[in-house]
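A.B. asks: Shown below is the structure under consideration.
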Amino acid sequence: MEKKYILSFSKEYAGTEFPTIQIPSIIIDKMGIDYAGVNLFKNFLQFPNYNAADMINDYVEYQKSLDTSTGKTASEFAAALLNLFNSIVNKELLYFFEIIYGVTNMGLHNFINKVDAGIPKVYKLKELLRRKKVWCYIYGPVHLMRLFVRLSCHALSMNDDRLAVVAAGGQRFLEFVETNVDKYFAEMKYMCSIHLNNMIHGIDTDVPCNH
């Protein structure tokens, strides 16, 4: 059996004692690569075509196919996770290097460019959004997994009732991600700031990235 890293949630969040969550080692390995790519090699995670909302929608549809009751629970989990992610991603889930180089603005600019270009896109689960924030359509599965890693390290600074819902359904969701890990991390690619900016603005460049 594959080794699991056992990571516990703190009682501090929303005054609720959360269950122990086991993050699969293959996801931990991917997140280690993510940390090194940004913090050691000073590269940026490319904005994916397959976004966080797409990933969560896959999970909801899978649970609905199994049972109506689990599908309802999955929808409640999806709503909590989507809205939590949208509210904290730019404050809690970006690395310092990404913040100082303006990844938030680059992501929004990339999103607007795609909309202006008329690139067809279905915005999954938009009916679950409490506020019409688009970050779940800008960032992808890697940023979503950063949320679970930071939760496990008690590193989130806020107190939010949605954390209890996410914690309760987190184990089943992570096991689903583990089963489909090749799909969800397929676009896990990194590039230097020059390449990322040029890609967003549609400019070709031959300048090599520094590793």
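Bear in mind these aren't lab numbers, they're just calculated from the coordinates by the rules spelled out. Because the structure is predicted, anything quoted here is derived from the model rather than measured. Virtual Cβ from ideal backbone geometry, glycine too; neighbours counted across all protein chains shown.
A.B. asks: Between residue 29 and residue 49, take the C-beta separation as r, use R0 = 22 Å, and let me know the FRET efficiency to the nearest 0.05.
C.D. replies: It comes to 0.40.
A.B. asks: Compute the signed sum of charges (Lys and Arg +1, Asp and Glu -1) over the other residues within less than 15 Å, Cβ to Cβ, of residue 40.
C.D. replies: -1
A.B. asks: Rounded, prolate or oblate: pick one for segment 26-170, where a ≥ b ≥ c are the square roots of the eigenvalues of its C-alpha gyration tensor, a/c under 1.5 means rounded, and failing that, prolate if a/b is larger than b/c, else oblate. Each step should come with its number before you reach the end.
C.D. replies: Numbers: a/c = 1.73, a/b = 1.22, b/c = 1.41.
Here segment 26-170 falls in the oblate category.
A.B. asks: Using 7 Å Cα-to-Cβ label points, what is the residue 40/residue 133 separation (nm, one decimal)?
C.D. replies: 3.1 nm
A.B. asks: Could you calculate the FRET efficiency of residue 122 with residue 62 from 1/(1 + (r/R0)^6), where r is the beta carbon distance between them and R0 is 22 Å, rounded to 0.05?
C.D. replies: Working: r = 18 Å, r/R0 = 0.80.
Computed FRET efficiency for residue 122 and residue 62 comes out at 0.80.
A.B. asks: Under a plain spin-label model, where a point goes 7 Å from the Cα along Cα-to-Cβ, how far apart in nm are residue 70 and residue 171?
C.D. replies: With each label point 7 Å from Cα toward Cβ, the separation is 1.4 nm.
A.B. asks: Any chance you could run the full-extension gain for residue 113 through residue 189? It's 0.36 nm times the residue separation minus the Cα-Cα distance, nm to one decimal.
C.D. replies: Values: separation 76, 0.36 × 76 = 27.36 nm, distance 2.01 nm.
25.3 nm is the gain from fully extending residue 113 to residue 189.
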